[in-house]
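Scroll down for the structure; my scribbles are underneath it.
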Amino acid sequence: MKFLKKFYRPFLLTYIFLSIAISFYPSFDFYSLKGQILIIAVSFFNGMMGVYVKKL
């Protein structure tokens, strides 16, 4: 349970904020499969970093 809690917070925050920030970039297609895979991959990486890196 601790793993999920440490994973989903950074994952969701990254997904939300990156989606908002990258939507202002005109040539990025947010609704395409490639765009969603890119955002999910970055969010997954950040979620894994939330699990393994302790707060400073």
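The values are calculated or read from the model by the stated rules, or taken from the named source; none is laboratory data. Everything quoted here is computed from the prediction, not taken from an experiment. In case anyone asks, the SASA skips ligands and DNA or RNA and just uses the protein heavy atoms, side chains included. Shrake-Rupley method; radii C 1.70, N 1.55, O 1.52, S 1.80 Å.
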Heavy-atom accessible area per residue - the chain, 1.4 Å, Å²: 87
Give me the compactness ratio for the chain, meaning the Cα radius of gyration over 2.2 N^0.38 Å. 1.23
To the nearest 10 Å², what's S27's accessible area with a 1.4 Å probe? 90
Which of the lysines could a cross-linker span from K54 if the Cα-Cα distance has to be under 17 Å and same-chain partners fewer than 8 positions apart are dropped? K2, K5, K6
Give the angle, between 0 and 90 degrees and rounded to the nearest 10, that separates the Cα long axis of helix 2-23 from the longest principal axis of the Cα atoms of the chain. 20
Rounded to the nearest 10 Å², the 1.4 Å probe accessible area of L33 is 130
By how many nm would the segment from K34 to K2 lengthen if fully extended, with 0.36 nm per residue of separation less the alpha-carbon distance? 8.4 nm
Share of accessible surface on carbon and sulfur in the chain, whole %, 1.4 Å probe and ligands ignored, is 75
